[in-house]
1. Would you mind giving the total buried accessible surface between chains A and B, with a 1.4 Å probe and ligands, DNA and RNA left out, rounded to the nearest 100 Å²?
2. Within 10 Å of each Cβ in peptide B:138-146, how many partner chain Cβ atoms are there on average? Round it to a whole number, please.
3. GNM, chain A, Cα, under 10 Å: largest mean-square fluctuation among A:77, A:186, A:50?
4. Would you calculate a helix-derived [θ] at 222 nm for chain A, using -39,500 (n - 2.57) for each DSSP H run of n ≥ 4 and dividing by the full residue count, to the nearest 500?
5. Report which residues of the stretch B:160-207 become buried by 40 Å² or more of accessible surface when going from the isolated chain to the complete set of protein chains (1.4 Å probe; DNA, RNA and ligands ignored).
6. Which residue fluctuates most in the GNM of chain A (Cα springs below 10 Å): A:21, A:152, A:132?
7. Within 10 Å of each Cβ in A:104-116, how many Cβ atoms from other chains are there, averaged over the peptide?
8. Among A:54-64, B:141-151, how do they line up from the highest to the lowest mean number of other beta-carbon atoms within 10 Å?
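The values are calculated or read from the model by the stated rules, or taken from the named source; none is laboratory data. Values in this document were obtained by computation on a predicted structure and should not be read as measured data. Note that each Cβ is placed from the backbone with ideal geometry, even for glycine, and that neighbours are counted across all protein chains shown. Ligands, DNA and RNA are stripped out before the accessible areas are found, and what is left, the full protein with its side chains, is counted by its heavy atoms. Shrake-Rupley method; radii C 1.70, N 1.55, O 1.52, S 1.80 Å.
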Amino acid sequence: MTASPERSAAGPARPVRLNPLTLLAAAGSTAVITTAAGSWPLSLTVIGASLGLSAAGGTARRVLAAAAAILVPLGLSLLMLHGLFFPEGTTVLAAWGPARVTVEGLGFAGQRILQLGAVVLALLVFSFNVSLPDLVAALSARGVQGRFAFVLASTLTLLPAISARERRIRQAQESRGLVVTRNLLSRLAAFRLQAVPLVLSLVEDAGTRSAALEARGLSNTGPRTSYREVPDSRLQRTARAVLVLAAAAALVLRLVQAGASA
Amino acid sequence: MSSPSLTLPSQERPAARRRRLLEILGALAIAATYVYLVLNQPADITGGPGSASALIALSGFLAGAVLLIAAVLPTLPASTLVLIPVALVLNIVLGQFVGSTLVPFYLDAIGTVLIAVLAGPAAGAATGALSSIVWSFFNPTVLPFAAGAALIGCLAGLAARYGLFRRFYLAPVAGFVTGIIAGVVSAPVAAFVFGGTSGVATGAIVSAFRAMGDTLLAAITKQALISDPMDKAIVFTIVAILVYALPRRARQQFPFLRRHRVLAGKAPAGTTEAPAQGAARDH
């Protein structure tokens with residue numbers, strides 16, 4: 001919970017700054033095509049490429065930590081579920097009572113894990129490498145509501161701040177004599193003692209912020225001027241179009257195939 | 001809505017109609033995707049990954065969620081808008097913590113339900129969908145659940161609107177019912193996109209049903225019917241505690257609370273209705 005993509009904005013400047021929408025298109029179409037293709041060699045290739053890219057971008061450790069936090073419980077759950085219980089499986093490797101380890105079940109779990117791993121890594125490499133201010137500026141320039149950009153940017157910057165405040169509140173309560181024991185009731189009481197002040201102060205802050213934003217014309221309609229230049233080029237625009245088309249083509253192809261086989 | 005202009009001619013009418021259309025389209029996309037997935041019970045569910053149904057579930061639910069956001073977000077007043085990031089952080093911080101532990105719950109909707117109770121069903125739905133989209137920056141696996149999260153926000157808002165938060169014992173009941181609906185809608189996503197659940201504890205429950213010979217969708221739906229109602233009952237109770245603990249000054253920022261008398265207690269100044277029943281819980 002400590003890793004946050006927002007920190008990548010403060011990282012060392014890369015020599016070539018790509019438009020964040022190009023990165024988004026690349027990550028999104030990779031995810032769609034991998035899901036549509038559903039072949040394990042492609043999934044493995046995508047996993048390898050994502051790891052390579054994140055290593056090149058210097059974010060490998062954080063990407064790996066975030067991916068492991070997602071994929072390890074998911075993988076364990078899938079292995080347990082399909083590895084032990086797969087009624088459709090026929091080739092039984094071992095059986096204990098109702099639990100049967102089947103080749104089909106293990107294969108299914110393995111393929112799903114690889115495929116989800118590829119999608120998760122591709123998207124995480126994007127979110128840990130993109131420069132958030134650039135993304136917000138690019139979204140606003142494309143006519144995406146300033147409000148959506150506000151929610152996105154505000155959430156990603158609030159996360160570390162709120163975690164820090166939560167720690168302060170816990171310290172304050174502990175200095176007032178809060179002792180958390182293993183008892184469930186005591187834990188619930190501790191949760192309440194920390195959650196209530198946290199939420200109260202957050203709502204209070206939000207009220208102040210809303211007045212400030214309103215005074216600066218948040219709800220006004222009309223064009224806005226952005227002082228942030230987001231790099232873009234004809235090559236990148238073409239690449240984006242090609243990537244989106246490729247993803248759409250993969251989607252349609254897969255659906256047509258499914259329709260033909262059904 | 002938040003600052004009506006007194007001098008310029010209003011452009012509200014066509015814009016409002018367009019938003020209403022987007023809202024309906026979004027709801028239709030979500031409903032149609034669910035009906036298709038359940039009616040067709042795609043045979044390729046265990047026939048290997050890359051199944052077409054995963055793609056249909058993903059694109060249908062996501063498109064619906066995005067349409068809902070586009071319809072609702074421009075209409076929210078600033079006081080609600082600034083609360084959305086706070087709600088998202090609460091969802092993420094609490095959900096991330098519980099998601100990987102050995103409890104078959106998620107508790108990842110506290111922020112969404114809080115907004116829904118303070119600002120109404122539309123705001124709740126937008127918060128739920130936005131929460132999934134923003135959270136996917138850290139955890140792409142929550143992205144497909146955007147439609148389910150929107151539904152939870154919408155139902156929580158409706159529960160608040162019709163006074164289920166006025167009595168303390170009704171809040172968990174409303175949460176229980178919301179959980180049943182949300183669980184049934186989210187189960188196809190877990191089944192078709194992930195082929196299982198993302199937590200070890202929920203996975204164990206699904207395994208038990210699979211051991212009895214259920215299909216994957218049936219097993220995951222049953223697991224959702226065990227986990228979700230309890231989970232949402234807990235979440236609604238926590239939110240009720242939090243909302244009643246808010247000082248009156250903070251509550252007064254939210255016209256929804258006043259207009260529909262969401263909370264028990266004295267009727268706010270300006271309304272002529274009789275005071276709400278029983279114990280005033282104001283602090």
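1. Answer for the A-B pair: about 5900 Å² buried.
2. Taking the mean over all residues of the peptide, I get 5.
3. Highest fluctuation among the options: A:186.
4. -25000 deg cm²/dmol
5. Buried-area filter returns B:194, B:195, B:198, B:200, B:207.
6. The residue that fluctuates most here is A:152.
7. 4
8. B:141-151, A:54-64
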